[in-house]
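Q: Dumping the structure here so I can ask a few things about it.
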Ligand code: SF4
Ligand code: SF4
């Protein structure tokens, strides 16, 4: 079943002290400085995904699992909600995040059917998650106006990388 797109996104504290996506309440957060996803995986470490039961069932089906098997394998048992489930983390990140190749790109392993909140998340230079990934992987920072700060060579390489990713939204 294809779920209707939500135009809203909320971040709320999770039971583990991290943050949880909630697609029901607050207006979607827009980014002022959109970029292609740089595949750092930071957002998939910092957030846990919350699924309503229908979306959990949809993803279970895509994985060839029953709803019960999906919950047993992927649900965070600390989540008290009954009308939704929280995807647990493994080794500090979403269990569907996959490392790819020698360059260490981190990509969504269920990209073609990933949760709505992940599909609606847009990368941007004003997002602290993307900034953290830039600093960790590229040694580049971003000032308050969205300007890249770092060695010219690194910034040039990053811009080339961004150009190569412009039409690729695999995470
Ligand atoms: S489902 Fe995919 S995009 Fe969403 S948090 Fe997990 S790895 Fe990241
Ligand atoms: S670049 Fe941004 S959206 Fe892409 S994985 Fe990193 S934090 Fe997430």
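The values are calculated or read from the model by the stated rules, or taken from the named source; none is laboratory data. Every value quoted in this text rests on a predicted model; they were computed, and no experiment measured them. Virtual Cβ from ideal backbone geometry, glycine too; neighbours counted across all protein chains shown.
Q: Identify the single condition in (1) in a loop (DSSP other than H, G, I, E, B); (2) modelled with pLDDT under 95 that residue 12 does not satisfy, given that it satisfies every other one.
A: (1)
Q: For residue 146, state whether it is at pLDDT below 95, more than 11 Å from ligand 1 (Cβ to nearest atom) and surrounded by 18 or more Cβ atoms within 10 Å (Cβ to Cβ).
A: So residue 146 fails the test.
Q: Here is a further query. Test each condition in (1) more than 16 Å from ligand 2 (Cβ to nearest atom); (2) more than 26 Å from residue 31 (Cα to Cα); (3) part of a loop (DSSP other than H, G, I, E, B) for residue 145 and report the one that comes out false.
A: With (1) more than 16 Å from ligand 2 (Cβ to nearest atom); (2) more than 26 Å from residue 31 (Cα to Cα); (3) part of a loop (DSSP other than H, G, I, E, B) applied to residue 145, the lone miss is (2).
Q: Quick check on this structure: which one of 128, 137 is within 17 Å of residue 48 (Cα to Cα), within 21 Å of the chain's Cα centre (by Cα) and away from ligand 1 (no atom under 14 Å from the Cβ)?
A: Values: 137 fails: within 17 Å of residue 48 (Cα to Cα).
Exactly one residue qualifies, and that residue is 128.
Q: Residues of the range 125-142 being surrounded by 15 or more Cβ atoms within 10 Å (Cβ to Cβ), in contact with a helix residue (DSSP H, G or I) (Cβ under 9 Å, 6 or more places away or on another chain) and part of a helix (DSSP H, G or I), which ones? Give the steps one after another, and end with the answer.
A: Within the range 125-142, the subset surrounded by 15 or more Cβ atoms within 10 Å (Cβ to Cβ) is 125-127, 129-135, 137-138, 140, 142.
From what's left, in contact with a helix residue (DSSP H, G or I) (Cβ under 9 Å, 6 or more places away or on another chain): 125, 127, 129-134, 138, 140, 142.
Hits for the range 125-142 are 129, 130, 131, 132, 133, 134, 138.
Q: Further question: Any idea which residue in the range 110-124 is modelled with the highest pLDDT, counting only those that are assigned to a loop (DSSP other than H, G, I, E, B) and within 13 Å of ligand 2 (Cβ to nearest atom)?
A: The extreme case among them is 114.
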